[in-house]
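To keep things clear, I will list the structure first and then write my remarks on it.
Readers should treat all values here as calculations from the given coordinates under stated rules, not as data from a laboratory. The shown structure was predicted, so the numbers you read here are calculated from the model rather than taken from an experiment. No Cβ is skipped: glycine too gets one built from the backbone with ideal geometry, and neighbour counts run over all protein chains shown.
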Amino acid sequence: MHRDGDGPTLGRAPRIEEVEMAVPKKRTSKQRKRKRRTHYKAEPVTVNTCSKCGDPKVPHRVCPTCGHYRDEPVIEVEVD
């Protein structure tokens, strides 16, 4: 029978002292953090024109004005 700390560690989780973790040497400054995050920005929404009615619509979606997708009627749209 092994005492705690002696012998093999079969079936047990490693003790906290045995696990080495990556630790940053220096604190990340606000400027460096913000420079890195400059590319995390919202992209402008892509808008195309509907081939049937010419109104703007999002690509690969049914036109909300006329209800067509790829020149075929997909949904019925109420006329106001």
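Summary table below
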quantity	calculated
In nm, spacing of pseudo-spin labels at ARG12 and SER51 (7 Å Cα→C-beta vector)	7.1
Label-point separation in nm, ARG34 to VAL19, each point 7 Å along Cα→Cβ	3.6
